[in-house]
1. If residue 51 passes every condition in (1) out of contact with any strand residue (DSSP E or B) (no Cβ under 7 Å at 6 or more places or on another chain); (2) at pLDDT 90 or above but one, which one does it miss?
2. For segment 43-73, what are the residues that are under 18 Å from residue 20 (Cα atoms) and open to solvent by 90 Å² or more (accessible area, probe 1.4 Å)?
3. Kindly indicate the residue of segment 14-41 that is at pLDDT below 90 and open to solvent by less than 90 Å² (accessible area, probe 1.4 Å) and also nearest to residue 76 (Cα to Cα) among those meeting that condition.
4. Before we move on, is residue 4 exposed (fewer than 11 other Cβ atoms within 10 Å of the Cβ), modelled with pLDDT under 95 and in a loop (DSSP other than H, G, I, E, B)?
Amino acid sequence: MMTERIEQDNLDIGICPRRKRKKMLHILNSVPDDTQRKLISTLSLGYHTMEFPLYEENTDGDYDELIELIFEYDEVVSWW
């Protein structure tokens, strides 16, 4: 309730609330080469990013975490 009032007061005087950065998840099926690295870096500008390498040894728990991450992140990119 108090937060809503503060946000409304800020809007009344022209202060915009801070925007939340979008999150991007990169799922890597193989080790990225230099070109893929450049593309990943370019796509990631302005985002909070995380990489999930599938080519490494993963346990069932890791794949459960991946499923949660897919629903948590705003954008998901899978790289071959």
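1. Going through the list (1) out of contact with any strand residue (DSSP E or B) (no Cβ under 7 Å at 6 or more places or on another chain); (2) at pLDDT 90 or above, residue 51 breaks only (1).
2. Those that are under 18 Å from residue 20 (Cα atoms) and open to solvent by 90 Å² or more (accessible area, probe 1.4 Å): 45, 48, 71, 72.
3. Applying the first criterion (at pLDDT below 90) to segment 14-41 yields 14-21.
Keeping just the survivors that are open to solvent by less than 90 Å² (accessible area, probe 1.4 Å) gives 14-15, 17.
On the way: 14: 34, 15: 32, 17: 26 Å.
Among those residues, the one meeting the criterion is 17.
4. Values: exposed (fewer than 11 other Cβ atoms within 10 Å of the Cβ): yes; modelled with pLDDT under 95: yes; in a loop (DSSP other than H, G, I, E, B): no.
Against the criterion (exposed (fewer than 11 other Cβ atoms within 10 Å of the Cβ), modelled with pLDDT under 95 and in a loop (DSSP other than H, G, I, E, B)), residue 4 does not qualify.
One line per residue, one yes/no per condition, for (1) without any contact (Cβ under 8 Å) to a residue 60 or more places away in the chain; (2) assigned to a helix (DSSP H, G or I); (3) within 17 Å of the chain's Cα centre (by Cα):
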| site | (1), (2), (3) |
| --- | --- |
| 38 | yes, yes, no |
| 42 | yes, yes, yes |
| 45 | yes, no, yes |
| 51 | yes, no, yes |
| 58 | yes, no, no |
| 61 | yes, yes, no |
| 65 | yes, yes, yes |
| 68 | yes, yes, yes |
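The values are calculated or read from the model by the stated rules, or taken from the named source; none is laboratory data. These figures come from a predicted structure and were not determined experimentally. Don't worry about glycine lacking a Cβ; one is built from the backbone with ideal geometry, like all the others, and counts go over all protein chains shown. Remember, those area values only see protein heavy atoms, side chains included, never the ligands or the DNA or RNA. Shrake-Rupley method; radii C 1.70, N 1.55, O 1.52, S 1.80 Å.
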